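*Asks:* First, the structure itself, so that you have it in front of you.
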Amino acid sequence: MTTGLALGITLLFVEGFLLCGFLATFDYAPEANAGNTQNSFTPYLNGKLSMLPVTYMLYQDVHVMIWIGFGFLMTFLRRYGQSAVGLTFLIGAILIQVAMLCDGVLSVGKNGKAPISLQGLLSADVAVAAPLISMGAVLGKTTYMQLIIMGIIELIMYTANKYIGEHHLMAVDAGDSMYVHVFGAYFGLAVSFVFGVKDKPKEHHLEGSTYQSDIFAMIGTVFLWLFWPSFNSASLKGDDQQRAIINTLLSLTASCVIAFAVSALVSKENKFNMVHVQNSTLAGGVAIGTAAGMMCEPIGALVIGCAAGVLSVLGYKYITPLIQKKLRIHDTCGVHNLHGMPGVLAGIFGALMSGIASEDAYSYSLYEIFPARAPSEGGKLAEMRDNYNISPGLNRTAGQQAAYQLLALVISLVVAIISGLITGLIIRMSFCGTIKEDEKFDDAVHWELEEESMSEVSKHSDGMRDQMPMGHI
């Protein structure tokens, strides 16, 4: 049996297990269940309720980010465009089911079933972003089965880490910069480290980009840039959601301008570098994520966006080659610079904003944004519960909340790195398949391609604008 046939059959079994999981776990949520008597009187999509809820609009925005944004952003490799878009399509479709199952296991009710709703679909989309970020670190060096197994394990660990952060530490992370971006980036880097320990990363002739592939990658950049405010605000409501949209847009604009400026300053002949433009312009969306719904003021959003743009460009220029040389971590898409370091910056900035948050600035909405800071008992709690529907909290101080924010960041880093190292060892086993050195970054491994004569390939290659591989910028 050929390797491709075995992997294809395994793919059928994976979907079969997912079918069994959904059969055992899910039922429609009350608002989507025709058996709910209330829906017979006020059908959710009839009369005054005929318009789809805001959740669906945000869900569609995030959907576009995952399948078009992430997919096309990774098409910069000259001979890996079909795999970048196609495998994102495949892996995203599998992992969104896995993410729903992971979340459903934590939501099983007394009837033994978990409710499935639009909010659940939205949460699953956000979760899938983490393994797709990790995919960027090992892009072109793995089989699709390695990516699927990596994604399944990562989503299990992601769900556990986020549950700890949200329910036990009660850390606030509106845009999931700590839970998605930091976790996904360092999980992927840990997997890449395992790959590099055995086989030292080498410069590959297919790792660069072409004029056309860079334009395709810019499609992903633009879509991500446009829809990032929806990603950061999807879990929020009311004025929190409006602040998140405003803060995210301001941070993105600042990081975009600064990324262009710093790129020109550090690049040869002081020209713009497409790698910086495709990635570092988005760093502001990551860096503002944790504090997106907080009162960081417009100037604060702009400043953090500027800092993220500088950090990301300098990361591509100096840090990526360093970690490849010293640690043997080959980061194909530079996820450390777009998601890792800006995500850590977001966690630190979120802790700072939590530490200075006060009732004077937030009024009683302080206890909605930071539920753990609400009083645990007393007359003030009774007043807020009666008038503002605020639940009892843990009576934390601002300083304590800031400390828990930092603790959530550290735990996310530790869990991501340790689980990534273990996952790297697992997917290097023979049953996942392997990619040989001469097969890396080549669509021909996974796809039927039109025949090209050697003279045509040579002619095409000679006309390329060769760009340095990501790891050697």
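*Asks:* If a residue has to be among the β-branched types (Val, Ile, Thr), touching a residue at least 24 places away in the same chain (Cβ under 8 Å) and touching a Ser or Thr at 6+ places or on another chain (Cβ under 9 Å) to count, how many in region 77-102 make the cut? Give the derivation first.
*Replies:* Within region 77-102, the first condition is being among the β-branched types (Val, Ile, Thr), and the residues that meet it are 85, 88, 91, 94, 96, 98.
Remaining after also requiring touching a residue at least 24 places away in the same chain (Cβ under 8 Å): 88, 91, 94, 96, 98.
Imposing the further condition that a residue be touching a Ser or Thr at 6+ places or on another chain (Cβ under 9 Å) reduces the set to none.
Matching residues across region 77-102 total 0.
*Asks:* For Leu226, are the conditions met, namely being modelled with pLDDT under 95 and within 22 Å of Ile66 (Cα to Cα)?
*Replies:* Numbers: modelled with pLDDT under 95: no; within 22 Å of Ile66 (Cα to Cα): yes.
When the stated conditions are applied, Leu226 does not pass them.
*Asks:* Please go through region 148-173 and give me each residue that is in a helix (DSSP H, G or I) and among the small types (Gly, Ala, Ser), ordered by number. It would help to see each step written out before you state the result.
*Replies:* In the first step, residues of region 148-173 are kept if they are in a helix (DSSP H, G or I); the result is 148-168.
Gly151, Ala160, Gly165 - these are the residues of region 148-173 that are in a helix (DSSP H, G or I) and among the small types (Gly, Ala, Ser).
*Asks:* Hey, can you tell me all the residues within region 347-356 that are hydrophobic (A, V, I, L, M, F, W, C) and either over 14 Å from Met170 (Cβ atoms) or open to solvent by 30 Å² or more (accessible area, probe 1.4 Å) (or both)? Spell out how you get there, then give the answer.
*Replies:* From region 347-356, those hydrophobic (A, V, I, L, M, F, W, C) are 348-349, 351-353, 356; that's our starting set.
Result: Ile348, Phe349, Leu352, Met353, Ile356.
*Asks:* Output the number of residues of region 321-343 satisfying the condition of being assigned to a helix (DSSP H, G or I) and surrounded by 24 or more Cβ atoms within 10 Å (Cβ to Cβ).
*Replies:* Quick first cut of region 321-343, residues assigned to a helix (DSSP H, G or I) only: 321-327, 335-343.
Imposing the further condition that a residue be surrounded by 24 or more Cβ atoms within 10 Å (Cβ to Cβ) reduces the set to 335-340, 342-343.
Matching residues across region 321-343 total 8.
*Asks:* Can Leu118 be described as in contact with a helix residue (DSSP H, G or I) (Cβ under 8 Å, 6 or more places away or on another chain) and at pLDDT 95 or above? Steps first, please.
*Replies:* On the way: in contact with a helix residue (DSSP H, G or I) (Cβ under 8 Å, 6 or more places away or on another chain): yes; at pLDDT 95 or above: no.
So Leu118 does not fit the description; no.
*Asks:* Related question: Filter region 364-414 down to the residues that are open to solvent by less than 80 Å² (accessible area, probe 1.4 Å) and basic (Lys, Arg) and list them by number.
*Replies:* Correct list: Arg373, Arg396.
*Asks:* Is it the case that region 129-137 has a residue that's touching a residue at least 12 places away in the same chain (Cβ under 8 Å), within 25 Å of Met429 (Cβ to Cβ), of a type in the set (A, V, I, L, M, F, W, C) and surrounded by fewer than 24 Cβ atoms within 10 Å (Cβ to Cβ)?
*Replies:* no
A quick yes/no check of all residues on (1) in a helix (DSSP H, G or I); (2) touching a residue at least 60 places away in the same chain (Cβ under 8 Å); (3) small (Gly, Ala, Ser); (4) farther than 17 Å from Gly334 by Cα:
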residue: Leu249; (1), (2), (3), (4): yes, no, no, yes
residue: Ser255; (1), (2), (3), (4): yes, no, yes, no
residue: Ser280; (1), (2), (3), (4): yes, no, yes, no
residue: Ala283; (1), (2), (3), (4): yes, no, yes, no
residue: Leu302; (1), (2), (3), (4): yes, no, no, yes
residue: Gly305; (1), (2), (3), (4): yes, no, yes, yes
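*Asks:* Looking at region 210-240, which of the residues that are over 30 Å from Asp443 (Cβ atoms) and open to solvent by less than 40 Å² (accessible area, probe 1.4 Å) is nearest to the chain's Cα centre (by Cα)? Can you show your working first?
*Replies:* Of the residues in region 210-240, the ones over 30 Å from Asp443 (Cβ atoms) are 229-230, 232-240.
Filter again for open to solvent by less than 40 Å² (accessible area, probe 1.4 Å), leaving 229-230, 232-234, 236, 240.
Working: Pro229: 14, Ser230: 13, Asn232: 11, Ser233: 14, Ala234: 14, Leu236: 17, Asp240: 21 Å.
So, considering only residues that are over 30 Å from Asp443 (Cβ atoms) and open to solvent by less than 40 Å² (accessible area, probe 1.4 Å), the one nearest to the chain's Cα centre (by Cα) is Asn232.
*Asks:* Exactly one condition in (1) within 20 Å of Ala408 (Cβ to Cβ); (2) not in a helix (DSSP H, G or I) is not met by Leu139; state its number.
*Replies:* So Leu139 meets the others, but not (1).
The values are calculated or read from the model by the stated rules, or taken from the named source; none is laboratory data. Since the model is a prediction, treat every value here as computed from it, not as a measurement. So basically every Cβ, Gly included, is an ideal-geometry build from the backbone, and we count neighbours across all protein chains shown. Quick note on the areas: whole protein, heavy atoms, side chains included, nothing else; ligands and nucleic acids left out. Shrake-Rupley method; radii C 1.70, N 1.55, O 1.52, S 1.80 Å.
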